[in-house]
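Readers should treat all values here as calculations from the given coordinates under stated rules, not as data from a laboratory. From a predicted model like this one, the values you see are computed outputs, not experimental measurements. Glycine also receives a Cβ, built like all others from the backbone with ideal geometry; neighbour counts cover every protein chain displayed.
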Amino acid sequence: MRSHEIEAWALKLVDQVKNGQPIEDARVELKADWPDARKAARRIAGHANAARGVSILWLIGLDEKRGVIGVQHGDLADWYAQVKSQFNELAPFMTDINVPVAGNVIVALLFETDRAPFVVKNPDGSGSISREVPWREGTAIDSATREQLIRLLSPLRSQLAFEVLKGGLTCRAYEQTESDLWNLDVDLYVETEVGQAIVIPFHRCGVSITIQSNGDTITFQKIALGPPIRYGSRGSSVQSKTIESTSDEALLYGPGRLILLGEAVVSFNDAPAIQVADDVSHVSMRVSLLPVYAEQASIIRAELVPTAPEHGERYRWTFPTTQPSP
């Protein structure tokens with residue numbers, strides 16, 4: 001989900017609260033202030049486990065009865081570090097967005113739940129039970145039952161599976177402006193059922209990269225998907241029997257190679273500024289693709305490593321495992 005979509009979702013919930021409408025969306029949790037980290041970890045884990053792969057949204061600084069209260073975003077780093085320490089091995093991937101509302105700031109926290117189950121340390125510290133798989137039922141949090149664990153281990157069916165074959169990320173100065181042009185080119189192999197047409201609209205796709213050394217994130221404004229194309233002296237030809245594309249969407253009729261292209265223009269003056277040190281950091285990629293009629297988005301994550309720049313590039317990254325072109 002893109003940043004503007006998270007903010008739009010948050011503002012819709014703010015309007016509901018202002019109008020006195022109850023929040024009945026099971027994906028949403030409202031908190032007036034930063035909750036106790038240990039209790040929050042258990043509640044986030046239970047919420048994420050019950051979501052079965054669908055993203056969940058927490059809004060800090062918004063109360064269903066008191067309305068917009070606002071909080072300090074600067075408290076997030078220390079709070080979430082304490083929250084993550086309560087998880088066993090893995091916490092949900094989180095995206096945070098500041099949402100200005102009438103002179104206050106609400107912090108929107110979007111948690112990805114596709115890597116469930118999430119396990120937390122025993123909150124009572126008794127030692128007799130060291131870990132727990134929490135589960136949210138309504139607004140209550142309890143330990144998961146056998147039935148709930150079976151549901152958890154059978155998440156909402158995703159139509160697609162992806163393998164990253166090769167690709168790269170580049171950064172270069174953009175046309176004599178005080179901006180950088182970032183380009184992402186990823187060669188994927190997608191698995192889907194033969195004979196079942198799947199449509200992926202580009203406006204339902206989200207791509208971002210995070211520089212690991214400082215946590216700065218770039219969200220790509222332009223995204224396109226399509227089949228591989230071979231260029232030669234006689235022109236270009238599509239190298240796929242199962243994948244087609246238009247200027248707005250990709251159409252998949254079966255398994256095959258799928259090329260993902262992303263473009264972002266980042267001004268030197270934008271906040272947060274993307275600063276890359278001389279010892280260029282590794283980069284994390286996150287891709288979200290939501291086909292028409294799908295119950296949930298397919299999430300692709302991968303890490304890119306720095307390589308030598310080429311042809312006027314400032315920086316270049318590639319995937320560690322690069323497969324040869326066919």
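Ranking Thr139, Val107, Ala40 by how far each Cα lies toward the positive end of the dipole of the chain (charges on Cβ) leaves Thr139 at the top.
Cβ crowding within 10 Å, taken as a proxy for footprinting-reagent exposure, orders Arg43, Arg314 from fewest neighbours to most as Arg314, Arg43.
Please state, to two decimals, what the Cα-based radius of gyration of segment 161-318 comes to when divided by 2.2 N^0.38 Å (N = residues).
Working: Rg = 16.5 Å, N = 158, 2.2 N^0.38 = 15.1 Å.
Normalised Rg, Cα atoms only: 1.10.
Working from label points 7 Å from Cα in the Cα-to-Cβ sense, the Asp75 to Ala26 distance is 3.0 nm. Apply the Debye scattering formula to segment 54-100, with a single equal point scatterer on each alpha-carbon and no solvent, then give log10 I(q)/I(0) at q = 0.13, 0.21, 0.22, 0.23 Å⁻¹. Taken in order of the listed q values, log10 I(q)/I(0) reads -0.38, -0.90, -0.95, -1.01.
Could you list Phe202, Phe118 in order of exposure, starting from the residue whose Cβ has the fewest other Cβ atoms within 10 Å? Intermediate results must be reported in sequence, preceding the final value.
Numbers: Phe202 16, Phe118 24.
Least to most surrounded, the residues fall as Phe202, Phe118.
Each residue, Arg230 and Glu137, gets one label point 7 Å from its Cα in the Cβ direction; the gap between the two is 5.9 nm. In summary, the chain shows an alpha-carbon radius of gyration equal to 1.09 times the 2.2 N^0.38 Å reference for compact globular proteins.
Spin-label pair Asn98-Gln212: with each label point 7 Å from Cα along the Cα-Cβ axis, the two points sit 2.8 nm from one another. Calculate how steeply helix 37-51 sits against the longest principal axis of the alpha-carbon atoms of the chain, using the helix alpha-carbon long axis, and give the answer as 0 to 90 degrees to the nearest 10. Around 60 degrees separate the two axes. Once the chain from Glu313 to Leu261 is taken as fully extended at 0.36 nm per residue, the excess over their C-alpha distance is 17.0 nm.
Hull surface divided by four, with the convex hull built on the Cα atoms of segment 1-78: how many nm²? Don't skip to the end; give the middle numbers.
Numbers: hull surface 22.3 nm².
Over every viewing direction, the Cα hull of segment 1-78 projects on average to 5.6 nm².
Fewest first, what order do His282, His47 take by the number of other Cβ atoms within 10 Å? Walk me through the numbers on the way to the answer.
Numbers: His282 14, His47 25.
Fewest-to-most Cβ neighbours within 10 Å comes out as His282, His47.
What FRET efficiency do you get for Glu163 and Asp248 if R0 is 35 Å and r is their Cβ-Cβ distance, rounded to the nearest 0.05? Before the final figure, lay out the partial values.
Working: r = 25 Å, r/R0 = 0.72.
Efficiency for this residue pair is about 0.90.
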